[in-house]
Amino acid sequence: MSSNSIWYTRCPVPSPLGLAARFGWLDEAFGQYGINVQSIADSRDPAVRESHFNHTLRWSFRQGGNIPAIRARSEGRETKLIGLTWVDEYQAIIALPGSPFRSVDDLPGRRIGIPRRAGNIIDFHRATALKGVVSALSLIGKPIGAATLVDVAIGESIITHKGDPGLFGLARRHPYWPEIAALARGEVDAIFVKGAEGITISNLLAATIVVETGHHADPKIRINNGTPRTLTVDASFIEERPDLAAELVTQVHRASDWARQNPAETLRFVAQEVLTSEEAATSAYGADVHLKLDLALQPEQIAAIDHFKDFLLSFGFLDHDFDVNAWVDRRPLDNLIKTAA
């Protein structure tokens with residue numbers, strides 16, 4: 001990638017990078033250096049869009065679900081973790097209304113639907129659901145084998161361009177429709193859902209919440225693909241232009257600061273990102289979501305990422321181990337803190 005152009009990508013989730021991009025602050029800030037900012041998600045080239053999941057594009061940065069970022073580093077991609085945004089969210093195992101399953105104690109021996117999406121770079125939906133089940137069963141000292149996992153096949157690619165007519169004008173497909181169908185057909189007893197989309201589905205079904213883990217006191221229980229969301233950069237970018245890496249963190253911090261001062265507007269942004277209502281966003285992420293969009297690298301957060309990396313490795317989502325602490329590059333965030341002092 002030429003040194004006068006940089007790629008960025010973000011997940012449609014509560015994130016300060018999303019705010020900075022929406023306000024045009026990235027274009028404005030990097031434009032002062034003669035750098036053109038391009039969106040990976042807006043590209044019509046599938047090979048470019050794949051970099052959202054495998055971080056192959058040189059001179060790029062990303063904030064979103066941490067599973068693709070962890071997997072890319074494990075595959076040898078030269079990236080650096082420069083910040084985390086931890087927004088706790090609704091995570092639950094749910095059953096149909098009237099279900100006899102009332103608590104996590106009822107899960108052993110039950111059929112839990114787990115999505116399986118073949119042919120993609122990484123099946124992060126499956127990993128997310130498995131982590132939800134592992135966390136739930138750990139609350140009663142049970143291993144994953146205590147429940148009966150039932151694969152729910154998903155054939156559609158996750159790299160679907162938003163112009164695809166099959167999306168009916170929306171930006172993306174709802175993530176839980178295959179699991180809901182399996183639940184309705186009686187093929188499974190329960191499924192895992194999360195976030196504002198998950199809480200909307202729970203409401204739509206009048207579901208029985210068997211267990212909710214997204215707000216547990218232990219971060220190793222809460223951690224999943226969306227908690228926290230990693231900010232990663234291509235290592236060549238941070239090494240060749242540390243001033244631009246510092247600028248990136250500055251703009252993300254600017255967005256975090258704006259969010260703290262504008263709670264109503266932040267909630268509206270989050271709801272628009274997730275394609276849901278403000279009511280659902282509040283229920284899923286909390287009424288204080290505007291206070292949670294900070295960028296940090298706290299020791300307990302890094303420890304939770306390391307724990308999650310070990311989970312992904314143990315369940316075969318990663319082929320190679322790596323040192324999470326060596327992945328972390330604190331220089332841009334430390335520079336921001338020093339400048340602000």
Self-check item: Cα-centre dipole for the chain with unit charges at Cβ (Lys and Arg positive, Asp and Glu negative), debye to 20
Solution: 340
Quiz item: Any idea how many Lys pairs in the chain come in under 17 angstrom at the alpha carbon, given 8 or more places apart or on separate chains?
Solution: 8
Exercise. Take the Cα pairs of the range 91-213, get the Kirkwood Rh, then feed it into Stokes-Einstein at 4 °C and 1.567 mPa s and tell me D in µm²/s.
Key: 87
Quiz item: Long-range amide H contacts for VAL210: which residues qualify at under 5 Å (H placed 1.01 Å from N, peptide plane, sequence gap of 5 or more or a different chain)?
Solution: ILE93, ILE94, ALA95
Quiz prompt | Rule-of-thumb Rg ratio for the range 1-131 [Cα; 2.2 N^0.38 Å; N residues] | solution = 1.34
Quiz item: Quick one: Debye curve from the C-alpha atoms of the chain, no solvent, what's log10 I(q)/I(0) at q = 0.07, 0.15 Å⁻¹?
Solution: -0.28, -1.34
Exercise. May I ask for the angle, rounded to the nearest 10°, between helix 124-138 and the longest principal axis of the chain, with both axes built from Cα atoms and the value confined to 0 to 90°?
Key: 60
Practice problem: Round to the nearest 10 and give me the degree value, 0 to 90, for the angle of helix 331-340's Cα axis relative to the longest principal axis of the chain. | Solution: 70
Practice problem: Starting from the Cα of ASN335, step 7 Å along the direction of its Cβ; do the same at GLU75; then give the gap between the two resulting points in nm. | Solution: 2.9
Practice problem: Quick one: which residues, 5 or more positions from ALA147 or on another chain, have an amide H under 5 Å from its amide H? H modelled 1.01 Å from N in the peptide plane, none for Pro or chain starts. | Solution: GLY109
Self-check item: Other-chain or far-sequence residues with amide H under 5 Å of VAL152's (modelled H)
Solution: ILE114, ARG116
Quiz item: Taking 0.36 nm per intervening residue step and subtracting the Cα-Cα distance, what contour gain separates ARG44 from ASP288 on full extension?
Solution: 84.2 nm
Quiz item: Normalised by the residues of the range 91-213, what does the relative contact order come to in percent, with Cα pairs under 8 Å and at least six apart?
Solution: 49
Quiz item: Nearest 0.05, what FRET efficiency do HIS307 and HIS215 give at R0 = 25 Å with Cβ-Cβ as r?
Solution: 0.90
Quiz item: Which distance in Å, rounded to a whole number, links the C-alpha centroids of the range 292-315 and the range 124-156?
Solution: 19
Exercise. For the chain, find the longest principal axis of its Cα atoms and tell me its angle to the long axis of helix 242-261, 0 to 90°, nearest 10.
Key: 60
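Any read-out appearing in this document is the output of simple, stated calculations on the displayed coordinates, not a laboratory observation. In this text the structure is predicted, and so the values were computed from the model without any measurement. Please note: Cβ atoms are built from the backbone with ideal geometry, for glycine as well, and neighbour counts cover all protein chains shown.
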